[in-house]
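Novice: Got a structure for you, questions after.
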Amino acid sequence: MNILIVGPSWVGDMVMAQTLFQCLKQRHPQCEIDVLAPEWSRPILERMPQVRKALSFPLGHGVLELATRRRIGKSLAGQYDQAILLPNSLKSALVPFFAGIPKRTGWRGEFRYGLLNDVRTLDKERYPLMIERFMALAYAPGDELPKPYPRPSLAIDPVSREAALAKFGLSLDRPVLALCPGAEFGESKRWPAEHYAQVAEAKIREGWQVWLFGSKKDHPVGEDIRSRLIPGLREESVNLSGDTSLAEAIDLLSCADSVVSNDSGLMHVAAALNRPLVAVYGSTSPGFTPPLADKVEVVRLGIECSPCFDRTCRFGHYNCLRQLMPVSVNDALERLQGTPVEVR
């Protein structure tokens, strides 16, 4: 049985999609799973043992280009028994339709009748978690999801990890605190740089080193955090934001003894690496996309106006994050104890 998954467009969602792959392998141990997704997701998919192939999808988020989707679909004709669509858009249903895949499964959305022939109606109360909505597509409508739920788990190659350490001149002679201060979603997910700096200073004074992770857009906030450290402490930190590939970031994050992250894609990566993790929530809620790992502390204020799920604060104060003091994160870090990452 060959299954094509049309993957999501965000890092965190792709990590959580592994729960679906795990369920499919439990139901059909001999099935082969290929994932059609943006090229950036390849390093994540290559670290998922359940995935046979990552198929690069060349179109950006929101781009139609019907002819290109038809061409891709025709190139996949006759190769798959089922397609499972994780996005709810009409566009995402076109490639499996053009490929003529016999069974095309997905949630009802954007008038996809005809493009899908196994259309599910989502009960949000029954499936409040995103992983539940992914996992349910592996089973017949109405089936109970088996518990305990699987958790994302990314496999790390020790050779590539050592290569990343060597490339950036990093050493594991001291404990590593990884900070992930960015968030593609928007400002309402970003804990202030001055708070991150206080957490970094506290750990450096305890003998730790600090590595900052993120995209190129996150490099300035990383520098802002480092600039707030006094000379002598600043040298114990390194801003890797925008310098690493996603593959290198994953491998280096696996070295962290603790991680502090906003609600972001890298938060889910850290959880899938089973790193002791402090997840900072402001405008969003852990009730939909919580980090899934053994050692997680979720820190949030839960003030009256949060969660609002807005990209920017409608009141302009961002109090759900600004009033969340570093002592809360420091205390959470103290409650977490590092565990060695499993290298496979």
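Bear in mind that the values in this text are calculations on the coordinates, not laboratory data. Quick caveat: nothing in here was measured; it's all calculated off a predicted structure. Glycine gets a Cβ as well: all are built from the backbone with ideal geometry, and neighbour counts include every protein chain shown.
Novice: So which of K53/K167; K167/K217; K147/K295; K216/K295 end up more than 24 Å apart by C-alpha?
Specialist: Going by Cα-Cα distance, K53/K167; K216/K295 fall outside the 24 Å limit.
Novice: Please work out how much length the chain gains when fully extended from R71 to M1, using 0.36 nm per residue of separation minus the C-alpha to C-alpha distance, in nm with one decimal.
Specialist: Roughly 22.9 nm would be gained on extension.
Novice: For the range 263-316 and the range 144-158, what is the separation of their C-alpha centers, rounded to whole Å?
Specialist: Here the answer is 20 Å between Cα centres.
Novice: Step through the residues of the range 58-75 one at a time and calculate ³J(HN,Hα) from phi using the Karplus curve (6.51 cos²θ - 1.76 cosθ + 1.60, θ = phi - 60°), rounding each to whole Hz and writing x for Gly and Pro.
Specialist: Each residue of the range 58-75 in turn: x, 8, x, 4, x, 8, 7, 6, 4, 4, 5, 5, 5, 4, 5, x, 4, 5 Hz.
Novice: Quick check on the range 19-121: take the gyration tensor over C-alpha atoms, sort the square-rooted eigenvalues as a ≥ b ≥ c, and tell me if it's rounded (a/c under 1.5), prolate or oblate.
Specialist: Because a/c hits 1.5 or more and a/b fails to exceed b/c, the range 19-121 counts as oblate.
Novice: Let me check against my output: what whole-number percent is the relative contact order of the chain, with C-alpha pairs under 8 Å and at least 6 apart?
Specialist: Averaging sequence separation for qualifying contacts and normalising by length gives 16 percent for the chain.
Novice: Would you list which aspartates and glutamates come within 17 Å of K103, measuring only between C-alpha atoms, while excluding same-chain residues fewer than 8 positions from it?
Specialist: E32, D34, D81, D118
Novice: Going by a ≥ b ≥ c, the root eigenvalues of the Cα gyration tensor, does the range 252-306 fall in the rounded group (a/c under 1.5), the prolate group (a/b larger than b/c) or the oblate group?
Specialist: In terms of gyration-tensor shape, prolate.
Novice: Where the only charges are on Cβ atoms (+1 Lys, Arg; -1 Asp, Glu), what is the dipole of the chain about its Cα centre, to the nearest 20 debye?
Specialist: 1040
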